[in-house]
Amino acid sequence: MPSFIYCSECNNLLYPREDRSNPDVRSRSLMFACRNCDYQEKADNNCVYRNEILHAPAEQTLLVQDLSTDPTLPRTRTRCAKCGHEEAVFFQAQGGAEMKMTLFYICCNKACGHRWFS
């Protein structure tokens, strides 16, 4: 299924719409309809949108902001190599087999935010 479907009459974008002509809710179908003209076509696939995000485990630590303020993460008394602050949060990598036992640390000093792993 292409990411966008266009009207064959006026070349505008078609939007998903439920076909409400059938009174039985279970047998209704998905239609793509133009908002500028009366053109409609039956959808060949019921998937309207799919969002897939794939990241490497090392990238995941760089994407989430403000992890040091998350109260659900465990904390430890570890000295930050960058600023010397004595507290850090830590979590385990959620990725491939090579990163399963890796612990990621983030300094709790908001001005620092240094990240390291062991």
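Descriptive notes on the structure:
- Potential lengthening between residue 44 and residue 86 on full extension [0.36 nm per residue; Cα-Cα distance subtracted]: 9.3 nm
- Put a dot 7 Å past the Cα of residue 13, heading toward its Cβ, do the same for residue 77, and the two dots end up 5.7 nm apart.
- Two-site label geometry, residue 101 and residue 66: point separation in nm, points 7 Å out along Cα→Cβ: 3.5 nm
The numbers here are math on the coordinates, done by the rules we state, and not lab data. Since the model is a prediction, treat every value here as computed from it, not as a measurement. Please note: Cβ atoms are built from the backbone with ideal geometry, for glycine as well, and neighbour counts cover all protein chains shown.
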